[in-house]
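Everything on this sheet refers to the single structure shown next.
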């Protein structure tokens, strides 16, 4: 960054990036030799390592630092669990079919794609540059135009405004509304020009059957959350019966997407990381909120979107909570922690915003919900959701199963309440009413406080008459019963905790990160670089011996020393030139390289190369190991490293 | 161990252990509040941490130390993949049904359970002590007898021998043979006494459907292996086009077990760790075999089992490979690495054996297969499989898809071969044979080397006659064709690598480990201890402040210092007595505890407690941090720690 390295010499080229990522086996379409399956991907060695490093940092940042209780639970879930949670009825997307070919499309994606294409065409017709992200706009526009296969079409000004309003509120539409939009705006399948059917719901859970009987239907979980709720009592006990506490889980989930086409951004099987923070509904303050309240964030609130706009606001989380933009401290605390995590692993903070859910978009029970959206070549993508789910989940599972999913809290002082209570004289009342006594008693006990007071007053006057639901009347006198004010003491408070849920899509974060750190060398667009921070880079240090014969003992020595310091180094002793070996590792995102050459043998020196600048320094082997250890651990940066070692100009080498 | 701690004062009690493990939420039945589902379990905080530590050590021991290529692939798999691999046809168990209740039972487990119960009953009748593991035998026998609900029955000597022979070879039986055993030995459902149906196959894969069309059937993978094979070409490229190399993956797999009842030992969803080591079929030597050849192992070979016995042999792996007991060096290398890993994480080596698969038990294509079996309260359980799968997998996927799943190796020197080749004179032969020319040509080209030489000799004599499959004769002369010896040069060798596959069931290992490290304090059977090695213990150090008010800054200080040294410590500042807090942590397997008391404030001291001996040492806070760091990292043991700190006798404390 200090060095004059031009990382924006070439426009972002998604196709080139994906070719490089698949070529280096960061990931690849799963079952490729069988023709592949949309929405299923495999991670190869560098992708697996990158993912493992992101997860390790997630565990440290969230679980360890906030003492969360980790879980590892079952994916295969019996159907009743998702019937209770509402997933069987409502975890669905709206799909439409091409009326002629039967091709299945997701309704909201269809509307979005077609309207965006029309707006892009309109802009071109008006001679304007596309207003989308500079790196990306051209290509996308080009592709869209190819698809439309006709010249740019200018829209009426009112149509432009209308389309922009629809797009800003897209997530707010129901299925029938999406169908209405298709008819009103003549939206057809862009691949065929055919009309599409009315939207119908498609449940996104993969279904299966547990055991050999065929009588126990199951679903693959679409999120890990339910298992936290089901285990609530055990977690509470583990936490010495007190809230707040959080459980956390990193694991695989499944969503049977209708027509996934967006690479790693929309997949049918994915690794997610979820936190369920259980909190007293009457106290959503967070004891560490004070540590984060001055952190400034980019917010896109509900109101702005409701007005059809997408303007963001910069605001500290303290201000946002004070003003009621963010519902409570705990939600605010997690929004900041999410922000800090994403920036730490290398997400560009300028391409990160928090978008509040609109009312219709949010689950009916939720209090507030914010998505961390990361900008990438397809637009802004939700990568983390952070919702206050209130007491919904625990309440429904408790109602269904009878398990006491509540907190019992000993009150520091008992709560004293007074209440009017009716007490019958069983002898006299029994004699008077006979088999109707139970009915009479029931009627009196069902009176609310106000009516019971009225009843008491009438009784004090001598007698009063009550009526059964069937219309039968009963006259009561103070002989039959008394009504008196009594004092009650409550020593234990029982409540259902609320849940704040930060939920991370690891694959989406990983892919956006790769877009953010990718660039090409100014002199050669084919020489790609991934400027991954050392924290998450698959390999921290590459060891490059000049030839693969004479340096074996030095390679082993350096390798062992680095490992003792906990630094993961890889050796590339292939027969390719050092330049090609470094170029390969620039594509793999390896931040540092050390070269062992003849000078290493004769003078005990080693050179150190930095990936982004390609600058090289030289020092004794032990000096270089010290410096690279500090670099990888983030104790120093490259300019500081340059003060500790000499610049290598190629002269010191003995070839 | 050095101290006189009596860990065997109480007989092993499985029920007591499970109650403790579930109580402390190592694990619990999944969906418990919905009544649970057999074979599905959730891990709670200590179980998750234990599992994560086992996996971290696995990654280090196998992936890092042997430079394996890690993968993270898709669980949901389109059906054609498992049709090719043979799983659709053959990945099944034999099930029988109770003829009256319809209860489903696994046939081999039924036979095993009933015969073992009869043998146990027989032993009791003969007044013999049960010959099973001392920790376990009594209880198991008791339960079985309760089930049988009748007095011990003595068997004829021949029946005892016959039952023992059947049990030793149980895995060798086909479904019809199991049905025959049920009839011959009158084996019925032990819960009802009813007869069972003929065994039928039940496929163990969970089935589902991918996407909204319903036309793309999928299965949840029952192992991770296939995705390694499907990605072989990308892995090979990543490894610079050379073998041997290994890919590795840790991930979830699914098997729809028929009637799982054995806790964590037989589950429907599990985490496994698999290695696929790709090797030249003509060279299965391993360059690191020399490092392990003197390691002695306990082996139960195929021949011994074939004779109906289960006697083990102690042998070095060098001897085993030399004698051909183990098929090759690479297989032998991995068997030792498996052994070393299991012992490192705390498995008792005396309760660990390697059992060779019998011929019928092994997949037809496999060359050799050894299971690491760990003894536990249910007997000997396969926890790791280690198979030489030959070229089967890559061959079938290549045949099905046409993808070149082969290695192309430039030969250092071209292989020169000579071969007789027939060459027709198209003009003369075409004229002579007309529309039969193609047939004639085919017949000659199909001749093998020997017959072609004979043919050439006859031709040299003037003419020879060949016969078509239909019996038509053709007379050939040197005018029609010549046969000449030609020289061929081959510069590239192409071959399908063989695969050596070590495959680990992490949950089974975890459960056996818990049985091996569990014991009760001599003075109180209810005070359980898990002597987990620090390497895998969920928490390494427990910090216990005397009260939870005055010591906050010290707790934070000690906690931070330990974290900087990479040591994961937990604080227990609950209001319980120090004794109860330590007792809880003995159950959680926390190896060390440090206590902060008033002397910590006044004199800067801290005490250090060792879990197994409950001995306590005292020193300055920094001294104790140094010692506990060395203990956790395995640099010193407890006797050495005792030389560096003073024994704490309770007097130094200021309460």
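The values are calculated or read from the model by the stated rules, or taken from the named source; none is laboratory data. Keep in mind that this is a model prediction, so the values were computed, not measured. Heads up, the Cβs are rebuilt from the backbone with ideal geometry, glycines too, and the neighbour counts pull from every protein chain shown.
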Flagged in the range A:538-566 as within 11 Å of chain B (Cβ to nearest Cβ) and in a helix (DSSP H, G or I), in numbering order, are A:559, A:563
Would you check which residues across the range A:201-226 are within 9 Å of another protein chain (Cβ to nearest Cβ), farther than 30 Å from residue A:108 by Cα and not in a strand (DSSP E or B) and list them? A:210, A:211, A:212, A:213, A:216
Evaluation of residue B:8 against (1) at pLDDT 95 or above; (2) farther than 30 Å from residue B:107 by Cβ (one fails), failing number: (1)
Report whether or not residue A:455 is over 30 Å from residue A:354 (Cβ atoms), touching a strand residue (DSSP E or B) at 6+ places or on another chain (Cβ under 9 Å) and surrounded by 18 or more Cβ atoms within 10 Å (Cβ to Cβ). yes
Looking at A:57, A:32, A:124, A:70 in this structure, which one is within 10 Å of chain B (Cβ to nearest Cβ) and within 27 Å of residue A:378 (Cα to Cα)? A:32
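Residues checked against (1) in contact (Cβ under 8 Å) with a residue 24 or more places away in the chain; (2) under 23 Å from residue B:231 (Cβ atoms); (3) facing chain B (nearest Cβ under 7 Å); (4) surrounded by fewer than 17 Cβ atoms within 10 Å (Cβ to Cβ):
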| position | (1), (2), (3), (4) |
| --- | --- |
| A:17 | yes, yes, no, no |
| A:45 | yes, yes, yes, no |
| A:104 | yes, no, yes, no |
| A:110 | yes, no, no, no |
Given (1) touching a strand residue (DSSP E or B) at 6+ places or on another chain (Cβ under 7 Å); (2) in contact (Cβ under 8 Å) with a residue 24 or more places away in the chain; (3) at the interface with chain A (Cβ under 9 Å from one of its Cβ atoms); (4) within 26 Å of residue A:253 (Cβ to Cβ), residue B:259 misses just (4)
Say we look at the range B:227-245 and pick out the residues that are at the interface with another protein chain (Cβ under 7 Å from one of its Cβ atoms) and free of Cβ contacts under 8 Å to residues at least 24 places away in the same chain; which of these is farthest from residue A:572 (Cα to Cα)? B:234
Inspect all residues belonging to the range A:6-14 and state whether any of them is within 28 Å of residue B:241 (Cα to Cα) and either away from chain B (no Cβ under 14 Å) or part of a loop (DSSP other than H, G, I, E, B) (or both). yes
Can you say whether residue A:358 is in the same structural domain as residue A:59 (by TED's automatic domain parsing) and in contact with a helix residue (DSSP H, G or I) (Cβ under 6 Å, 6 or more places away or on another chain), as far as the supplied structure shows? yes
Residue hits (the range A:568-588; touching a helix residue (DSSP H, G or I) at 6+ places or on another chain (Cβ under 7 Å) and touching a residue at least 40 places away in the same chain (Cβ under 8 Å)) are A:587, A:588
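A quick yes/no check of all residues on (1) at pLDDT 95 or above; (2) assigned by TED's automatic domain parsing to the domain that holds residue B:162; (3) over 18 Å from the mean Cα position of the chain (by Cα); (4) over 29 Å from residue B:519 (Cβ atoms):
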position	(1), (2), (3), (4)
B:306	no, no, yes, yes
B:317	yes, no, yes, yes
B:323	yes, no, yes, yes
B:331	yes, no, no, yes
B:341	yes, no, no, no
B:344	yes, no, no, no
B:347	yes, no, no, no
B:351	yes, no, no, no
Residue that is in contact (Cβ under 8 Å) with a residue 40 or more places away in the chain, farther than 27 Å from residue B:165 by Cβ and in contact with a helix residue (DSSP H, G or I) (Cβ under 7 Å, 6 or more places away or on another chain), where the choices are B:403, B:390: B:403
Suppose the filter is at the interface with chain B (Cβ under 10 Å from one of its Cβ atoms) and crowded, with 17+ Cβ neighbours inside 10 Å; does residue A:64 pass it? no
Looking at B:186, B:100, B:147, which one is exposed (fewer than 15 other Cβ atoms within 10 Å of the Cβ), at pLDDT 85 or above, under 22 Å from residue B:38 (Cβ atoms) and more than 28 Å from the chain's Cα centre (by Cα)? B:100
